[in-house]
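Visitor: Pasting in a structure now, in structure tokens, and then I'll have a few things to ask.
The values are calculated or read from the model by the stated rules, or taken from the named source; none is laboratory data. Just so it is clear, the structure is predicted and the values come from calculations on it, not from any experiment. Backbone-built Cβ (ideal geometry, glycine too); neighbour counts: all protein chains shown.
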């Protein structure tokens, strides 16, 4: 039986919290979302939505909703001294889902909010969590809003309340790591019309220091530039348009001219991660659990995938179809991913901050490295997050499959918009499912029959008939017949 009829409480209505609420509601789990702010952000903030995130959201939000009016990334170009040093093409995998869409966070939140509204859920604004007391069967919370304070109990508290998480502080959790001693500029601006040379490429400039330019569509660009080492704490004063133009001129050779400014911020970088994402019935996700360098644009995407991973597990537990111990797999699967992102994005940042003579060596070796197909593939799969797999760490991975096609724990690039919670994909002649497995544990099952023309037909190993896919787009098992594939569900009980 479900542990409670009360809604799951999601704290924070940024992209991570909205994803958690959306996925919970999609699975039919009552959910309540609160946020301390009076509305969604109107700032661009996180700009990149990578392929793995688009695939994960695909069953409930088609990637077309993100691509509309926003540029699809085609390549990353690296230049220095007016010369192109290397490029990283960003082709799609033939599934129709682009490798990356450059979407301002404000637009990402609007898309998620619309999807949540379609499921009948609204965010409670001007409401914040002020106290937390975890228990064995529920979590006692105190909420404060413009109408006063109230006490509530929730079966699960999903903390998506950012790097200064009230939940994390209330639990007394350490947030080990360190701060990077450089300051960075982030500026969004419109260029003088028709002066940009490529609105589908990220331009990384190594002329003097490092700067990256991200196209946002319609002659709008984002600049991120290293302002150098500093021991100053707190925010740097906002720069003027002329000062940002001076940074653009100093750090790039593109000759871009700023027509108007939209947002300027100077920031520092922290690299931190909590030891555990699971604390009884309190689950941490996104920046509440891990923060790191913006290099690679992994932060928001990692958090949204955290949310998708935990949502279906919470939904099963609330249905009484799995024990609370299932949530231990959230820690087992997602904590190593967060640790890897902290490490890898930190390494990219360190490479960006090199000084002479190492800087010249980097600039000399970079074209050679980027000409190696294996290097291109590794960097591309890191950026798009297609390299993420749970087959070595997850108690839910059963070792089935083939490394040359697909294995249990790998990501599965589903056709975007497939409205399913569990998906069985396989040989059309052998994928019939016994009637007793029609709706396993209350999760609807969609059967996708493979044929030679299907984009993922090649991913089914030759000696198998079926691939069972979890609700978060991860391969559950690869089996010789449908009944054996469905038997994987016993691992959840």
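Visitor: If you go through the stretch 109-128 one residue at a time, do you hit one that is in a loop (DSSP other than H, G, I, E, B), in the same structural domain as residue 37 (by TED's automatic domain parsing) and touching a helix residue (DSSP H, G or I) at 6+ places or on another chain (Cβ under 6 Å)?
Guide: Let us first name the residues in the stretch 109-128 that are in a loop (DSSP other than H, G, I, E, B), namely 119-122, 125-126.
Filter once more, so that each one left must be in the same structural domain as residue 37 (by TED's automatic domain parsing): 119-122, 125-126.
From what's left, touching a helix residue (DSSP H, G or I) at 6+ places or on another chain (Cβ under 6 Å): 119, 121.
Within the stretch 109-128, one or more residues are in a loop (DSSP other than H, G, I, E, B), in the same structural domain as residue 37 (by TED's automatic domain parsing) and touching a helix residue (DSSP H, G or I) at 6+ places or on another chain (Cβ under 6 Å).
Visitor: Then there's this: Looking at the structure I just gave you, is residue 143 assigned to a strand (DSSP E or B), touching a helix residue (DSSP H, G or I) at 6+ places or on another chain (Cβ under 9 Å) and surrounded by 14 or more Cβ atoms within 10 Å (Cβ to Cβ)?
Guide: On the way: assigned to a strand (DSSP E or B): yes; touching a helix residue (DSSP H, G or I) at 6+ places or on another chain (Cβ under 9 Å): no; surrounded by 14 or more Cβ atoms within 10 Å (Cβ to Cβ): yes.
Considered against the rule, which asks whether it is assigned to a strand (DSSP E or B), touching a helix residue (DSSP H, G or I) at 6+ places or on another chain (Cβ under 9 Å) and surrounded by 14 or more Cβ atoms within 10 Å (Cβ to Cβ), residue 143 comes out as no.
Visitor: To continue, here is another question. Among the listed residues 30, 40, which satisfies the condition of being over 22 Å from the mean Cα position of the chain (by Cα) and either surrounded by fewer than 20 Cβ atoms within 10 Å (Cβ to Cβ) or more than 27 Å from residue 379 (Cα to Cα) (or both)? Before you say what the answer is, go through the steps one by one.
Guide: Working: 40 fails: over 22 Å from the mean Cα position of the chain (by Cα).
One residue alone meets the criteria, 30.
Visitor: Something else about it: Would it be correct to say that residue 52 is farther than 14 Å from residue 310 by Cα, within 14 Å of the chain's Cα centre (by Cα) and not in a loop (DSSP other than H, G, I, E, B)?
Guide: Values: farther than 14 Å from residue 310 by Cα: yes; within 14 Å of the chain's Cα centre (by Cα): yes; not in a loop (DSSP other than H, G, I, E, B): yes.
Criteria met by residue 52.
Visitor: Please find, among 297, 320, the residue that is more than 23 Å from residue 29 (Cα to Cα), in contact (Cβ under 8 Å) with a residue 40 or more places away in the chain and in a loop (DSSP other than H, G, I, E, B).
Guide: Working: 320 fails: more than 23 Å from residue 29 (Cα to Cα).
Being more than 23 Å from residue 29 (Cα to Cα), in contact (Cβ under 8 Å) with a residue 40 or more places away in the chain and in a loop (DSSP other than H, G, I, E, B) holds for just one of 297, 320, which is 297.
Visitor: Going through the stretch 53-72 one residue at a time, which ones are touching a residue at least 40 places away in the same chain (Cβ under 8 Å) and closer than 22 Å to residue 217 by Cα? Can you show your working first?
Guide: Looking only at the stretch 53-72, we keep the residues that are touching a residue at least 40 places away in the same chain (Cβ under 8 Å), and these are 53-66, 69-72.
Within the stretch 53-72, 53, 54, 61, 62, 63, 64, 65, 66, 69, 70, 71, 72 qualify.
Visitor: Give the stretch 90-99 a look and list any residue that's surrounded by 11 or more Cβ atoms within 10 Å (Cβ to Cβ) and at pLDDT 85 or above, or say none.
Guide: Result: 90, 97, 98, 99.
Visitor: Further question: Restricting the search to the stretch 35-49, which residues are touching a helix residue (DSSP H, G or I) at 6+ places or on another chain (Cβ under 8 Å) and assigned to a loop (DSSP other than H, G, I, E, B)?
Guide: Filtering the stretch 35-49 down to residues touching a helix residue (DSSP H, G or I) at 6+ places or on another chain (Cβ under 8 Å) leaves 35, 40-49.
Across the stretch 35-49, the qualifying residues are 35, 40, 41, 42, 43, 44, 45, 46, 47.
To keep it simple, each residue is scored yes or no on (1) more than 18 Å from residue 20 (Cα to Cα); (2) buried (at least 16 other Cβ atoms within 10 Å of the Cβ).
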site	(1), (2)
136	yes, no
151	yes, no
162	no, yes
169	yes, no
175	yes, yes
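Visitor: Now for a separate question. Tell me, which strands (runs of 3 or more DSSP E) lie completely within the stretch 171-286 with 2 or more residues that are at pLDDT 90 or above and under 30 Å from residue 326 (Cα atoms)? Step through it out loud before you land on a result.
Guide: Values: elements: 177-191, 201-205, 211-217, 220-229, 258-273, 282-284.
Result: 258-273, 282-284.
Visitor: Further question: What's the number of the only condition in (1) part of a helix (DSSP H, G or I); (2) in contact with a strand residue (DSSP E or B) (Cβ under 9 Å, 6 or more places away or on another chain); (3) not assigned by TED's automatic domain parsing to the domain that holds residue 289 that residue 382 fails to meet?
Guide: (2) is the only condition that residue 382 fails.
Visitor: Let me ask you something else. Here's a check for you: in the stretch 323-341, which residue that is within 17 Å of the chain's Cα centre (by Cα) and buried (at least 20 other Cβ atoms within 10 Å of the Cβ) is nearest to residue 390 (Cα to Cα)?
Guide: Within the stretch 323-341, the match that is nearest to residue 390 (Cα to Cα) is 333.
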